[in-house]
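The next block holds one structure in the form of structure tokens; read it before the comments.
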Amino acid sequence: MIKLIRLEYKKVRLTRFLLISVLAVVILMLWCIGNKSGHPEGYDSYQAAFAEINFYTNSTFLIISSVLITKIILDEYRKKTIMILFTYPHSRKRLMVAKLAFISLFTFCVTLVANFSVTSLFIFLAPTNQANLGLLTNDQMLDSFLRICLYALATTGINFISFFFGMFKKSPPATIIPPFLISLIISSHFYQLYSIWDVLISTISCLVIGVLLAHYGIKKAVQLDVE
């Protein structure tokens, strides 16, 4: 499996996606820190600031990872190159799992790094840029760290859902739009959860639903004939 994941890494030109990710982080910093996410008077609290940073960051990288799904999986069906891959001495299911594993690792890592980068810069500049927030406690920092990790996992789970829709429609819009809409729908609740245990339960739910849908998506993928 590791060899198959490495094969996907060699096939995909990640440099472009990494550059896009860096640009996205810069824009997120300007929006969430420089423009205070559109709040003229600034954030009400550290918790509110972290919630908005997480929402904008995760939504952004959901879109980027959905584009990666289109590039790695859907384009191979549209260009009819997937059949070349299916001639490899591995089962179709194993090949599709390797593709999803590669995309999931990329999604989790870049979302995690982006969230940490934006949040760290916000914390560093907060004493001068957001003086009304007061002091940031160690408990708040630990809570923020745990939430960032859990949100990155949840983003990975939602990304599985985009794969599911993409495989059934074989359409880039069907791959990109659903996860973004899901993120918008759950944002008012998910990112405002007070208890870290509630976040954990919600994250596990996203992962379970995502894995189940990805399973059906893989079954669909291995049965499809290239038209």
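Details
- Inter-label distance, residue 124 to residue 14: 2.4 nm, where each label sits 7 Å from its Cα along the C-beta direction.
- In this label model, residue 105 and residue 169 are separated by 2.9 nm, measuring between points 7 Å along each Cα→Cβ vector.
- For region 2-223, the equivalent ellipsoid derived from the Cα gyration tensor has semi-axes of 35, 17, 14 Å, listed largest first.
- The chain: angle of helix 14-29 to the longest principal axis, Cα-based, in degrees nearest 10: 20
- Take the Cβ atoms of residue 136 and residue 93, set R0 to 41 Å, and the FRET efficiency comes out at 0.30.
- The HN-Hα couplings worked out from phi for region 92-106 by the Karplus form 6.51 cos²θ - 1.76 cosθ + 1.60 (θ = phi - 60°) are 4, 4, 5, 5, 5, 4, 5, 4, 5, 5, 4, 5, 5, 4, 4 Hz, whole numbers, x standing for Gly and Pro.
- Considering helices alone, the calculated mean residue ellipticity of the chain at 222 nm is -26500 deg cm²/dmol, with DSSP H runs of length four and up weighted by -39500 (n - 2.57) and normalised per residue.
- Greater than 24 Å apart at Cα, pairs in 71/219; 3/170; 169/219: 3/170
- A straight Cα-to-Cα reach below 19 Å connects residue 220 with the aspartates and glutamates 75, 76, residues fewer than 8 places away in its own chain not being considered.
Laboratory data are not the source of any read-out in this text; all were calculated from the coordinates shown. Everything numeric here is computed off the predicted structure, so don't read it as measured data. Every residue, glycine as well, gets a Cβ built from its backbone with ideal geometry; the counts of neighbours run over all protein chains shown.
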